[in-house]
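First the structure, in the form of structure tokens, and then the observations on it.
The values are calculated or read from the model by the stated rules, or taken from the named source; none is laboratory data. Bear in mind that the values here come from a model prediction, so they are computed numbers and not experimental data. Cβ atoms come from the backbone with ideal geometry, glycine included; neighbour counts cover every protein chain shown.
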Amino acid sequence: MKKALAFLMAAVMLMSMLTACGNKDNADKKDNNDVNTEETDKAAADKVAALIDAIYVQERTEETDAQCEAAKAAWDALTDAQKALVEGEEASPDYFGLDTGDASKDDPRNQDEIGEKELLVVSFGTSFNDSRVADIKSIEDALQEANPDWSVRRAFTAQIIINHIQARDGEKIDNMEQALERAVANGVKQLVVQPTHLMHGA
């Protein structure tokens, strides 16, 4: 009887040890999985941050359009948890994630078929959609109404803002160089530049 009891107790202790080992292995695996997930999320977020920082610049290049598309595509591919981790020199979750209003209500006024007389409205610019519609677009619309024989077009001086709007909303706004090139290409003979701001964008 004593031998049987001793054997039973030994078996119980062995099972307890095996269970404890199993639980520890499972806990270790979970910890490793958590670490791997955190590293993967951080790497994905850092990639997007680098793409945002690359277009947060005041100079437009031949690669700008492709860079804007790449940054937005990479952002869209992130999970919500990964988006919250985006942080760079200038990058943050707000770059793509902040709701600033409906961009479709704006008019970039970058159309061709200008005609011979152009009124180019030059603004520093804003990436806040509602503000852009209420302020800049309203000025442009008023100028067009007051000058029906002229074609009103837009140019922003802040390339950083132009890139932000293009990457986030797909709306392309001319910078000064692009606007002047468009005027030449369209055979404009009279060009009046109307600034709306008091500070230089570059």
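Quick grid of which residues meet (1) surrounded by fewer than 18 Cβ atoms within 10 Å (Cβ to Cβ); (2) under 14 Å from the mean Cα position of the chain (by Cα); (3) assigned by TED's automatic domain parsing to the domain that holds Q178; (4) more than 14 Å from Q159 (Cβ to Cβ):
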residue	(1), (2), (3), (4)
K42	yes, no, no, yes
A49	no, yes, no, yes
I52	no, yes, no, yes
R60	yes, no, no, no
C68	no, yes, no, no
A77	yes, yes, no, yes
E87	yes, yes, no, yes
A91	no, yes, no, yes
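The listed residues are I139, I114, I162, I173, and the only one of them that is outside the structural domain of E39 (by TED's automatic domain parsing) and within 15 Å of V57 (Cα to Cα) turns out to be I162. If you go through the range 83-132 and keep only what is under 12 Å from R168 (Cα atoms) and either among the hydrophobic types (A, V, I, L, M, F, W, C) or at pLDDT below 95 (or both), you end up with F96, L98, A103, F128.
Quick check on the range 93-111: of everything there that is of a type outside the set (D, E) and exposed (fewer than 13 other Cβ atoms within 10 Å of the Cβ), which residue is nearest to V184 (Cα to Cα)? Result: Q111.
Restricting attention to the range 77-100, the residues being without any contact (Cβ under 8 Å) to a residue 12 or more places away in the chain and not in a loop (DSSP other than H, G, I, E, B) number 2. Of all the residues that make up the range 161-193, how many are of a type in the set (A, V, I, L, M) and in contact with a helix residue (DSSP H, G or I) (Cβ under 8 Å, 6 or more places away or on another chain)? Qualifying residue count, the range 161-193: 4.
Considering N186, N163, N175, the condition of being in contact (Cβ under 8 Å) with a residue 40 or more places away in the chain and closer than 18 Å to I52 by Cβ is satisfied by N163 alone.
Taking each residue of the range 47-72 that is β-branched (V, I, T) and looking for partners that are assigned to a loop (DSSP other than H, G, I, E, B) with beta-carbon atoms closer than 7 Å, six or more apart or interchain, yields V48/L78; V48/V86; I52/G88; I52/E90; I52/A91.
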